[in-house]
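The values are calculated or read from the model by the stated rules, or taken from the named source; none is laboratory data. Everything quoted here is computed from the prediction, not taken from an experiment. Cβ atoms come from the backbone with ideal geometry, glycine included; neighbour counts cover every protein chain shown.
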Amino acid sequence: MRPILTADEMRAADAWTIVHGVPGPTLMENAGLAVARAIESRFGKERRVAIVCGLGNNGGDGFVVARVLKSDWTRVYIIGDADSIKGDARHHFDRLRKERVRLQVSVIRTEADWAEKASELGRCSLMVDALLGSGSRGAPRDLAPLVIDSIRLERARGARVVSVDLPSGVPADGGVLDWRTVEADVTVTFAAKKPCLVFSPASELAGSVVVAQIGIPDEALQFADRGVRLYELEASDARAVFPPRATDSHKGDFGHVLVVAGSVGKSGAAVLATRGAFRTGAGLVTVASVTEVCRVVSTAQPEVMTESLGEGAECGDVARALARVLELAVGMDALVIGPGLGRSDKTQEFVLDVVARCGLPIVMDADGLYSLRAQALSRIAQRDQPTILTPHPGEMARLLGTDSAAVQKDRVNALRRAVAETRSTVVLKGRHTLIGNQRSEVWLNPTGSPSLATAGAGDVLAGAIGAILARGVAPDLAAAAGVFIHGLAGERTGKRRPWGVVAGDIADTLPKAIAGLRR
């Protein structure tokens, strides 16, 4: 997995690299070359390119782009006093003037200077935004707001925008935006993503994000003293959880998952959870539920074994159901509890008793999470077996005693609080699902699509995670791999059916998603 670095951490990584033998001008050269390559690979050899450069290192990257980009019509606009350009940026500015003497370079010192270039800007088909970088703090100042508005206007007219490192005006570390910023079609960032490129609302402004390697080694990106260690999952992380199967494998090698799910009217949740488990590779799956649900599951998924917990709308007689589930668990490898289980008071108490007394690794999802409030969290925290919680923002809000808006405003801290209070691995679902573990790490999942916004998709995910957990995989890795392949399955399904995807489609695509990891 790759780290997601704050602005201060990125500066420290730059400094470490320079101290260890890679000069600053070389890093800047590599950055500009990476941007130029990204432009040419995505847009071809654009004939009308406007490059807007600030006075700092972001502008220095832009000078390199101007020097190396293959284009017959290129204009460079320096926003501010060119005499103020210093350091590595000055090196590349001087080199640009020396090697591209015919290139039109305009220095913009006033609003009037910029207004004179308005008609010229209107001729460009691509704009390179190298105005403000990760060193920018707060709202853009001086001429920057005017220039940002012009870039936005040209994009609205059809020009494409490529931002260097991050869209100008966007705070590198993310947060609430109270001012206008550049909106990019492509953002080329360096060495690692910054928080603004992965967390809303700023991430919505970055377009497609390209992470370019410019000579900063992985060693420079490690910070042992980071308060919150943010990482982005990669395919290799999920691939490691799905090694090739031995030729003499048998079903017992791949785990037996116990699924406690379903109630009258919600039998489908149990079916989808079991399908998610089987499609992720579980060797055996048993569903424990009320009799009516067991009948539906046996018909819909004949590979599943069923155990009746008695008659009733939800979990039947609580004492008998509890005893039967604990008895069944003795021969199982992991428990998934909650999908479609119901929310009556007796069912909530049943869930808490099962989780507190069961000696298996557990995935708690959906209605299983409904029982969790502040006064019940200690029963989860005291477990001596791994627990994985999979809340969406509303369920997380209930768990923490807050509201969904507060959770969404600061997803990372909401996740960290839930991890600390439950001593569990927590999966906060949503666009860019987050996985939190007890090592103060937060892993961001890059896969997924709007196709996952369908009833039952979360039940499939719970089953998938349960199947991986049943093979003895560490809980955070099991959660991460499950979320990653579930997102891939959503992407694949969405490409085939942009509308009308159902959760069963996602479950049935899981094997292809897993196979794709090995290619």
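Can you spot a residue in region 358-379 that is of a type in the set (D, E, K, R), modelled with pLDDT of 95 or more and more than 21 Å from Val426 (Cβ to Cβ)?
No, region 358-379 contains no residue that is of a type in the set (D, E, K, R), modelled with pLDDT of 95 or more and more than 21 Å from Val426 (Cβ to Cβ).
Listed here are the residues, each with its yes/no results for (1) outside any helix (DSSP H, G or I); (2) exposed (fewer than 14 other Cβ atoms within 10 Å of the Cβ); (3) in the same structural domain as Lys193 (by TED's automatic domain parsing).
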site: Ala115; (1), (2), (3): no, yes, yes
site: Cys124; (1), (2), (3): yes, no, yes
site: Asp129; (1), (2), (3): yes, no, yes
site: Leu132; (1), (2), (3): yes, no, yes
site: Arg137; (1), (2), (3): yes, yes, yes
site: Asp142; (1), (2), (3): yes, yes, yes
site: Pro145; (1), (2), (3): no, no, yes
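Where residues in region 480-508 are among the β-branched types (Val, Ile, Thr) and crowded, with 24+ Cβ neighbours inside 10 Å, which of them is nearest to Thr425 (Cα to Cα)? Spell out the reasoning first.
Of the residues in region 480-508, the ones among the β-branched types (Val, Ile, Thr) are 483, 485, 493, 501-502, 506.
Still in the running and crowded, with 24+ Cβ neighbours inside 10 Å: 483, 485, 493, 506.
Details: Val483: 13, Ile485: 18, Thr493: 28, Ile506: 24 Å.
Ranking the candidates gives Val483 first.
Look through Asp218, Asp178, Asp248, Asp253 and report the one residue that is within 30 Å of Glu327 (Cβ to Cβ) and exposed (fewer than 14 other Cβ atoms within 10 Å of the Cβ). First the steps, then the outcome.
Values: Asp218 fails: within 30 Å of Glu327 (Cβ to Cβ); Asp178 fails: within 30 Å of Glu327 (Cβ to Cβ); Asp248 fails: within 30 Å of Glu327 (Cβ to Cβ).
Asp253 is the lone residue from the list that is within 30 Å of Glu327 (Cβ to Cβ) and exposed (fewer than 14 other Cβ atoms within 10 Å of the Cβ).
Would you call Gly448 out of contact with any strand residue (DSSP E or B) (no Cβ under 8 Å at 6 or more places or on another chain) and more than 27 Å from Ala192 (Cβ to Cβ)? Steps first, answer last, please.
Numbers: out of contact with any strand residue (DSSP E or B) (no Cβ under 8 Å at 6 or more places or on another chain): yes; more than 27 Å from Ala192 (Cβ to Cβ): no.
The answer is no for Gly448.
Restricting to region 14-36, name every residue that is surrounded by 15 or more Cβ atoms within 10 Å (Cβ to Cβ), over 16 Å from Asn58 (Cα atoms) and in contact (Cβ under 8 Å) with a residue 12 or more places away in the chain. Give the derivation first.
Looking only at region 14-36, we keep the residues that are surrounded by 15 or more Cβ atoms within 10 Å (Cβ to Cβ), and these are 14, 16-18, 22, 24-36.
Subsequent filtering for residues that are over 16 Å from Asn58 (Cα atoms) retains 16-18, 22.
Residues satisfying the conditions are Trp16, Thr17, Val22.
Counting only residues that are part of a loop (DSSP other than H, G, I, E, B) and of a type in the set (Asp, Glu), which one in region 303-318 is nearest to Ala282 (Cα to Cα)? Walk me through how you get there before you give the answer.
Initial filter on region 303-318 (part of a loop (DSSP other than H, G, I, E, B)): 303-304, 309-317.
Now restrict to residues that are of a type in the set (Asp, Glu): 303, 311, 314, 317.
On the way: Glu303: 11, Glu311: 28, Glu314: 26, Asp317: 29 Å.
Applying the filter and picking the extreme gives Glu303.
So in region 437-479, with the set limited to residues that are among the small types (Gly, Ala, Ser) and farther than 24 Å from Gly340 by Cα, which one is surrounded by the fewest Cβ atoms within 10 Å (Cβ to Cβ)?
Out of the qualifying residues, it is Gly472.
I want to confirm something. Restricting to region 413-427 and keeping residues that are of a type in the set (S, T, N, Q) and assigned to a helix (DSSP H, G or I), which single residue is farthest from Pro475 (Cα to Cα)?
Only one residue fits best here, namely Asn413.
Looking only at region 376-389, decide whether some residue is in a loop (DSSP other than H, G, I, E, B) and either buried (at least 22 other Cβ atoms within 10 Å of the Cβ) or among the aliphatic types (A, V, I, L, M) (or both). It would help to see each step written out before you state the result.
First, the residues of region 376-389 that are in a loop (DSSP other than H, G, I, E, B): 382-386.
Next, from what is left, pick out any that are either buried (at least 22 other Cβ atoms within 10 Å of the Cβ) or among the aliphatic types (A, V, I, L, M) (or both): none.
No, region 376-389 contains no residue that is in a loop (DSSP other than H, G, I, E, B) and either buried (at least 22 other Cβ atoms within 10 Å of the Cβ) or among the aliphatic types (A, V, I, L, M) (or both).
Name the one entry in Arg42, Arg48 that is at pLDDT below 95, touching a Phe, Trp or Tyr at 6+ places or on another chain (Cβ under 6 Å) and either outside the structural domain of Ala480 (by TED's automatic domain parsing) or of a type in the set (Asp, Glu) (or both).
Numbers: Arg42 fails: touching a Phe, Trp or Tyr at 6+ places or on another chain (Cβ under 6 Å).
It is Arg48.
Would you be able to say whether some residue in region 103-113 is buried (at least 20 other Cβ atoms within 10 Å of the Cβ) and either in the same structural domain as Asn30 (by TED's automatic domain parsing) or outside any helix (DSSP H, G or I) (or both)?
Checking region 103-113: at least one residue is buried (at least 20 other Cβ atoms within 10 Å of the Cβ) and either in the same structural domain as Asn30 (by TED's automatic domain parsing) or outside any helix (DSSP H, G or I) (or both).
Just to check your reading of the model, which residue among Leu477, Leu469, Leu488, Leu461 is in contact (Cβ under 8 Å) with a residue 12 or more places away in the chain and touching a strand residue (DSSP E or B) at 6+ places or on another chain (Cβ under 6 Å)?
Working: Leu477 fails: touching a strand residue (DSSP E or B) at 6+ places or on another chain (Cβ under 6 Å); Leu488 fails: touching a strand residue (DSSP E or B) at 6+ places or on another chain (Cβ under 6 Å); Leu461 fails: touching a strand residue (DSSP E or B) at 6+ places or on another chain (Cβ under 6 Å).
Of the residues listed, the single one that is in contact (Cβ under 8 Å) with a residue 12 or more places away in the chain and touching a strand residue (DSSP E or B) at 6+ places or on another chain (Cβ under 6 Å) is Leu469.
Residues are listed down the side, and each one gets a yes or a no for (1) free of Cβ contacts under 8 Å to residues at least 40 places away in the same chain; (2) over 20 Å from Asp365 (Cα atoms); (3) not assigned by TED's automatic domain parsing to the domain that holds Leu510:
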| residue | (1), (2), (3) |
| --- | --- |
| Leu272 | no, no, no |
| Ala277 | no, no, no |
| Cys294 | yes, no, no |
| Thr299 | yes, yes, no |
| Thr306 | yes, no, no |
| Glu311 | yes, yes, no |
| Ala319 | yes, yes, no |
| Ile337 | no, no, no |
| Arg343 | yes, no, no |
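With respect to the numbered conditions (1) surrounded by fewer than 21 Cβ atoms within 10 Å (Cβ to Cβ); (2) over 22 Å from Pro201 (Cβ atoms), which one is the sole condition not fulfilled by Gln408?
(2)
Can you give me the number of residues within region 37-64 that are assigned to a helix (DSSP H, G or I) and surrounded by 22 or more Cβ atoms within 10 Å (Cβ to Cβ)? Full working, then the answer.
Going residue by residue through region 37-64, those that are assigned to a helix (DSSP H, G or I) are 37-43, 57-64.
Imposing the further condition that a residue be surrounded by 22 or more Cβ atoms within 10 Å (Cβ to Cβ) reduces the set to 39, 57-64.
Count: 9.
How many residues are surrounded by 19 or more Cβ atoms within 10 Å (Cβ to Cβ) and more than 18 Å from Ala481 (Cα to Cα) if we restrict to region 416-428?
Restricting attention to region 416-428, the residues satisfying the condition of being surrounded by 19 or more Cβ atoms within 10 Å (Cβ to Cβ) are 416, 418-419, 422, 424-428.
Adding the requirement that they be more than 18 Å from Ala481 (Cα to Cα) leaves 416, 418-419, 422.
Total meeting the criteria: 4.
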